Amino acid sequence: MIPLAMPDLTGNEKKYLDNCIDTTYVSSVGEYVTKFEDMTAQATGSIGAVATSSGTTGLHAALTAAGVKHGDLVIIPTFTFIASANAVRHCGADPWMMDIRTSNWCLDPDLVKTEIEINCRRREDGKLYHKARNKRVAALMPVYTLGNMPDMKAFRGIADAYQIPLIADAACAIGAIYEGQALGPLADMSVLSFNGNKTVTCGGGGAVVGCDHKLLEHVRHLTTTARVWPDYDFDEVGFNYRMTNIQAAVGVAQMERLGSFVDAKRKVRRYYEERLDELQKKGIGFFPATDGASCWFSGIVLPKGTDLENAKEICAKLKKEDIEARPFWKPVHLQAPYLACPRSKLDIAQNLWQRMITLPCSTNITEEELEKVVKAVKECV
Ligand SMILES: Cc1ncc(COP(=O)(O)O)c(C=O)c1O
């Protein structure tokens, strides 16, 4: 079977893991954690990084540090992995789901602005409230879908105008570039995932990055149970969310090869676009990629008028050819825990999500395998 996205663990992973065992540094204290944080900060153009147990816990800690509380709202795109919404709910807040742009599958800043103008008012204390829900809008959280960069200047402008924190869900975006710049400075905090299917993996893991020392230190404090050393004193409700040295050992070995992994991802996307070009005559498109996108996943978009059943049928046909392919994220507004949450019109996400098919895109996929996928896709669609 040609898998969808398998990690390449042929670098120093084994050597560094052995070192963890030999030195007995297996928990969250250890040289690999610090090294991994330094490498992640550097790769994202950030002043620092706080490694976490997962992307989800990183998002929860970042939102908490940004002041998101019980009863608040956080603006997110409906088209995202459910973890974005779950992290909001872990704070006791609700997601306010909005639509995406067709060009990048990321949150639409014009729509966000309009929705805020129509639905919100600023109270005397300066806080922004959703009028109908009587809830504070506590953060704005775009998602870098597929490693695509939305219009971050526009989001910065909105966050500043309404004085709300800008937190980026950058789970799939390691290696992405925006106007020649790495992602670290683009938001107040950005959160990466190093889950097994990501471009760089720690097995599981995450990191909060950014350029605000105070915020990052608060995240570090929160993720280490908010302990005030040296005694057993704790000054707020913290979390045990730190990455272990074992996870970081894998992560360091992976980060050593970041450049080649991102190159490989971009190459896979280009390959499909070039070699499946003729499918455009049938109305089939490709996953979008903005300038500098890190191309985490690649795939095709079926013509308008098709639906999830068509996508599943094609995936089943590809499976018979030993090729793993899958539909992509089902939007958050259709998920049971979030049915009652506020939302904008969601026509674009609603229209698009059922027509997406992710194709194999491991960093170590071979030319032969790519050729096989292309041939099979042409036959199956
Ligand atoms: C957009 C997005 N946000 C958040 C997450 C959560 O990351 P993790 O699986 O590391 O908790 C993911 C992971 O797949 C993701 O794709």
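The values are calculated or read from the model by the stated rules, or taken from the named source; none is laboratory data. None of these values were measured; they are calculated from a predicted model. Ideal geometry is used to build each Cβ from the backbone, glycine not excepted, and the neighbour counts take in all protein chains shown.
Here are the numbers:
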item: Long-range neighbours under 8 Å by Cβ, at least six apart or interchain, first residue within 18 Å of LYS375 (Cβ to Cβ) within the range 307-323, second modelled with pLDDT under 95 and aliphatic (A, V, I, L, M); result: ILE314/VAL381
item: Within the range 103-134, tally of residues that are within 16 Å of the ligand (Cβ to nearest atom) and in a loop (DSSP other than H, G, I, E, B); result: 3
item: Filter result (closer than 30 Å to THR358 by Cα and either of a type in the set (Phe, Trp, Tyr) or at pLDDT below 95 (or both)) within the range 1-47; result: PHE36
item: Some residue of the range 220-239 being without any contact (Cβ under 8 Å) to a residue 12 or more places away in the chain, farther than 20 Å from ALA51 by Cα and not in a loop (DSSP other than H, G, I, E, B); result: yes
item: Pairs, first at negative phi in the range 79-93, second near the ligand (Cβ under 8 Å from one of its atoms) and in a helix (DSSP H, G or I), C-beta under 6 Å, six or more apart; result: ALA83/THR56; ALA87/THR56; ALA87/LEU59
item: The range 336-381, residues that are in a loop (DSSP other than H, G, I, E, B) and either at pLDDT below 95 or exposed (fewer than 15 other Cβ atoms within 10 Å of the Cβ) (or both); result: LEU339, ALA340, LYS345, ASN364, THR366, VAL381
item: The range 86-102: number of residues that are of a type in the set (D, E, K, R) and either in a helix (DSSP H, G or I) or not assigned by TED's automatic domain parsing to the domain that holds HIS70 (or both); result: 1
item: Residue tally, condition over 19 Å from PRO109 (Cα atoms) and assigned to a loop (DSSP other than H, G, I, E, B), over the range 323-335; result: 7
item: 2 or more residues among the acidic types (Asp, Glu) and touching a residue at least 60 places away in the same chain (Cβ under 8 Å): qualifying strands (runs of 3 or more DSSP E) within the range 135-201; result: none
item: Residues of the range 187-203 that turn out to be surrounded by 24 or more Cβ atoms within 10 Å (Cβ to Cβ) and more than 16 Å from the ligand (Cβ to nearest atom), as a count; result: 0
item: Answer residue from the range 274-288, given it is touching a residue at least 24 places away in the same chain (Cβ under 8 Å) and assigned to a helix (DSSP H, G or I) and is surrounded by the most Cβ atoms within 10 Å (Cβ to Cβ) among those; result: LEU279
item: Residue list for the range 136-186, filter: on the phi > 0 side of the Ramachandran plot and within 13 Å of the ligand (Cβ to nearest atom); result: LEU146, GLY147
item: Condition broken by ALA264, with the remaining ones in (1) surrounded by fewer than 23 Cβ atoms within 10 Å (Cβ to Cβ); (2) assigned by TED's automatic domain parsing to the domain that holds THR56 satisfied; result: (2)
item: The range 41-59, subset of a type in the set (Ser, Thr, Tyr) and in a loop (DSSP other than H, G, I, E, B), residue nearest to the ligand (Cβ to nearest atom); result: SER54
item: Only one of ALA61, ALA51, ALA65, ALA43 that is crowded, with 24+ Cβ neighbours inside 10 Å, touching a Leu at 6+ places or on another chain (Cβ under 7 Å) and more than 21 Å from LYS135 (Cβ to Cβ); result: ALA61
item: Residues located in the range 134-174, provided they are of a type outside the set (A, V, I, L, M) and crowded, with 24+ Cβ neighbours inside 10 Å; result: PRO142, TYR144, THR145, GLY147, ASN148, PRO150, ASP169, CYS172
item: Matching residues, the range 60-77, being of a type outside the set (A, V, I, L, M) and within 12 Å of the ligand (Cβ to nearest atom); result: HIS60, PRO77
item: Residues (within 24 Å of GLY147 (Cβ to Cβ) and either free of Cβ contacts under 8 Å to residues at least 60 places away in the same chain or outside any helix (DSSP H, G or I) (or both)) located in the range 60-78; result: ALA66, VAL74, ILE75, ILE76, PRO77, THR78
